[in-house]
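The values are calculated or read from the model by the stated rules, or taken from the named source; none is laboratory data. Bear in mind the structure is a predicted one, so any value in this text is a computation, not a measurement. We place every Cβ from the backbone using ideal geometry, glycine too, and count neighbours over all the protein chains shown.
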Amino acid sequence: MPNTFTKIAAVTVGAGGAATMDFTSIPATFTDLCVKLSGRSARATQQADNLFITFNSTTTGYTTRVLNGNGSSATSANYASRYASNAVDAAGSTASTFSSHEIYIPNYTSANYKSFSADSVSETNATAAQSDLVAGLWSNTAAITSISLLPEVSTWVQYSTATLYGIRNS
Amino acid sequence: MTTAIEVNCATGEVTERQLTTEELAQREVDAQAAAAAEHEAEVKAAADAEAKASAQSKLSALGLTADEIAALSK
């Protein structure tokens with residue numbers, strides 16, 4: 001297994017917020033990719049928003065299997081979408097809290113379909129909080145050269161940040 | 001607030017740009033799908049609660065105590 005993490009790039013949302021955080025022109029010099037994200041959505045009222053991931057600006061070909069827990073119940077579900085989490089902190093979460101997400105993408109330059117996994121936890125001072133594990137498949141053989149990260153319903157608030165790492169044996 | 005923050009991993013340059021027409025259209029599709037899923041979940045939750053209350057009422061009519069009914073779902 002590749003064992004060395006190298007920071008490729010990072011992005012932080014400014015005062016105006018942003019609909020997406022995008023990494024483009026990702027170098028093909030690593031084996032795997034990993035995204036660490038600390039985020040909060042401007043979605044009104046609700047405690048959480050969904051995290052969507054898009055590779056190469058392509059919005060089709062995604063399937064995911066999700067295990068979710070909220071402190072009182074556990075569920076699982078299948079989605080045919082770019083779904084990567086439902087644990088993004090939103091306006092209903094305690095003010096100034098941010099959810100944490102890690103997305104791992106092995107063999108991102110291969111000519112096979114691309115798998116990815118994601119684990120996420122929300123942060124809020126309440127009885128119910130979200131955590132989930134996602135196993136995803138992007139049925140596309142193109143090498144991944146760009147990644148977009150977006151809340152499904154709303155936009156990222158200021159100070160949301162994402163860092164992209166490349167992983168390889170070196 | 002329909003902007004994207006984009007970092008070019010080759011150059012390190014960070015730019016902020018307006019979403020394209022296609023991206024805006026996709027966001028609309030995503031939002032509608034989320035609203036539909038949320039509505040579906042609310043309807044299911046309400047139906048489940050109604051079915052549970054009905055089942056508990058029928059069990060109570062058969063003579064089960066509240067503790068006995070609760071034990072069935074453990």
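With the requirement that a residue be among the β-branched types (Val, Ile, Thr) and in a loop (DSSP other than H, G, I, E, B), what does region A:25-56 give you? If the condition is that a residue be among the β-branched types (Val, Ile, Thr) and in a loop (DSSP other than H, G, I, E, B), then A:Ile26, A:Thr29, A:Thr31, A:Thr45 are the ones that fit.
Residues of region A:7-50 being within 11 Å of chain B (Cβ to nearest Cβ), among the hydroxyl-bearing types (Ser, Thr, Tyr) and touching a strand residue (DSSP E or B) at 6+ places or on another chain (Cβ under 6 Å), which ones? Those that are within 11 Å of chain B (Cβ to nearest Cβ), among the hydroxyl-bearing types (Ser, Thr, Tyr) and touching a strand residue (DSSP E or B) at 6+ places or on another chain (Cβ under 6 Å): A:Thr12, A:Thr20, A:Thr24, A:Ser25. Looking at B:Val14, is it within 13 Å of chain A (Cβ to nearest Cβ) and either touching a residue at least 24 places away in the same chain (Cβ under 8 Å) or in contact with a strand residue (DSSP E or B) (Cβ under 6 Å, 6 or more places away or on another chain) (or both)? Criteria met by B:Val14. With respect to B:Leu19, determine if the residue is closer than 29 Å to A:Ala28 by Cβ and at pLDDT 90 or above. Taking the combined requirement at face value, the residue satisfies it. Over 27 Å from A:Thr31 (Cβ atoms), in contact (Cβ under 8 Å) with a residue 24 or more places away in the chain, in contact with a Leu (Cβ under 6 Å, 6 or more places away or on another chain) and not hydroxyl-bearing (Ser, Thr, Tyr), is that true of A:Val153? Criteria not met by A:Val153. Screening A:Ala80 on (1) more than 17 Å from the chain's Cα centre (by Cα); (2) exposed (fewer than 14 other Cβ atoms within 10 Å of the Cβ) shows it passes everything except condition (1). Within region A:59-76, the residues that satisfy the criterion of being touching a residue at least 12 places away in the same chain (Cβ under 8 Å), over 22 Å from A:Ile147 (Cα atoms) and either assigned to a strand (DSSP E or B) or of a type outside the set (Ser, Thr, Tyr) (or both) are A:Leu67, A:Asn68, A:Gly69, A:Asn70, A:Gly71. Among the candidates A:Tyr113, A:Tyr108, the residue that is of a type in the set (Phe, Trp, Tyr) and surrounded by 15 or more Cβ atoms within 10 Å (Cβ to Cβ) is uniquely A:Tyr108. Across region A:134-170, the number of residues qualifying as assigned to a strand (DSSP E or B) and on the phi > 0 side of the Ramachandran plot comes to 0.
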